[in-house]
1. Looking at Gly51, is it surrounded by 14 or more Cβ atoms within 10 Å (Cβ to Cβ) and touching a residue at least 24 places away in the same chain (Cβ under 8 Å)?
2. Quickly run through the range 25-84 and pick out the residues that are under 19 Å from Ala118 (Cβ atoms) and among the charged types (D, E, K, R).
3. Confirm whether Pro147 is in a loop (DSSP other than H, G, I, E, B), modelled with pLDDT of 90 or more and within 21 Å of the chain's Cα centre (by Cα).
4. Tell me yes or no: at least one residue of the range 95-117 is assigned to a strand (DSSP E or B) and in contact with a Lys or Arg (Cβ under 8 Å, 6 or more places away or on another chain).
5. Within the set of pairs 6 or more residues apart or between chains, which connect a residue that is surrounded by fewer than 12 Cβ atoms within 10 Å (Cβ to Cβ) inside the range 92-104 to a residue that is not in a helix (DSSP H, G or I) with Cβ atoms less than 9 Å apart?
6. With respect to Phe76, determine if the residue is open to solvent by 60 Å² or more (accessible area, probe 1.4 Å) and among the aromatic types (Phe, Trp, Tyr).
7. Would you confirm, using the coordinates I've provided, whether Arg81 is open to solvent by 80 Å² or more (accessible area, probe 1.4 Å), part of a helix (DSSP H, G or I) and in contact with an Asp or Glu (Cβ under 8 Å, 6 or more places away or on another chain)?
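The values are calculated or read from the model by the stated rules, or taken from the named source; none is laboratory data. The structure displayed is predicted, hence computed values, not measured ones. With ideal geometry, Cβ positions are generated from the backbone for all residues, glycine too; neighbour counts draw on all protein chains shown. To get the accessible areas, we keep the full protein, side chains included, count just its heavy atoms, and leave off ligands, DNA and RNA. Shrake-Rupley method; radii C 1.70, N 1.55, O 1.52, S 1.80 Å.
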Amino acid sequence: HGRPDRAAYAWIRDREPGPLLELPAGEADTGRRTFQYQFQTLVHRRPIVNGASGYESALQALIGGPASPLADFDRFGDALRMLRAIGVRTIVFHPDAYADRGLAEATLDALRRDREQASETAAFPGLVVFRLAPWGNDEGANRDATPTGDAAPRPIAAASFRAEASHNPGALARAF
């Protein structure tokens, strides 16, 4: 499935770097496409918010769960501000992947209406890409609203990780 989207993900790769969110996420996604989303990182080379690892983060549960702020259309702008505050720069929207067509249409409409936050749009077969304005570009924006006061994501050095295995520790290096 990854090949039809290649032009869209190459387009993303050629823009300013920053984390990416693929929609639908979680329960709204009928096909559980998280593995496909991860596969596309090989093309766009951006960190993603919703990937598959066998562990669902609190952020994934919030964005993809039944109480998702992205499904509260009275406060949709606040949800986009939250995403921008944590550094998300791109939303890849797959309308045909939604379990609920009404939710897909309402989400797409909300993204298209907020031109200040979703400042750039590109349509490709089967998906629409929205580039979010960098955090702090809003008039009166509080840059201290991010945990570090810095909108730029900071990678974690590989040397800071330590791995252990309770079974077959000699084979642990093969996991990496």
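1. Working: surrounded by 14 or more Cβ atoms within 10 Å (Cβ to Cβ): yes; touching a residue at least 24 places away in the same chain (Cβ under 8 Å): no.
No.
2. Arg46, Asp72, Asp74, Arg75, Asp78, Arg81, Arg84 - these are the residues of the range 25-84 that are under 19 Å from Ala118 (Cβ atoms) and among the charged types (D, E, K, R).
3. no
4. The initial filter retains those residues of the range 95-117 that are assigned to a strand (DSSP E or B), namely 98.
Going one step further and asking which of them are in contact with a Lys or Arg (Cβ under 8 Å, 6 or more places away or on another chain), we end up with none.
Checking the range 95-117: not a single residue is assigned to a strand (DSSP E or B) and in contact with a Lys or Arg (Cβ under 8 Å, 6 or more places away or on another chain).
5. Asp96/Gly126; Asp96/Leu127
6. no
7. yes
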